[in-house]
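What follows is calculated from the coordinates using simple rules that are stated; it is not laboratory data. Just so it is clear, the model here is predicted, and its values are computed rather than measured. For neighbour counting, all protein chains shown are included, and Cβ atoms are generated from backbone atoms with ideal geometry for every residue, glycine included.
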Amino acid sequence: KEELAQTEVHAEAGGGLVKVTMTCRNVVKRIEISPDLLQDDADMIEDLIAAAMNDAARLAEAVSEEKMKGANSGMGMPPGLAGLF
């Protein structure tokens, strides 16, 4: 679990106008917003931030599952139970 806390994923929305860096323990480390975007409507900025955060969360979950699957592969656990630990 400590390794997951240190592993970071990077996601973006709006063609790179909003970028999010998050750990695989869902801790947001950084949000980058393009200066060009700051001139736009606040609703669009909020939507792009939410989209980037959701994408980062999905990436973090996928990386976590893969790492846990690898860590539990030698334990003889039935498929599907690896995500419980």
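Worth pointing out:
- One chain, two ends: Asp43 and Val63. Fully extended at 0.36 nm per residue, the span grows by 4.2 nm beyond their Cα-Cα distance.
- Proximal aspartates and glutamates to Lys1, defined as alpha-carbon separation beneath 16 angstrom and excluding residues fewer than eight positions away on the same chain: Glu61, Glu65, Glu66
- Order by protection proxy (mean Cβ within 10 Å, highest first), peptides 28-37, 8-17: 8-17, 28-37
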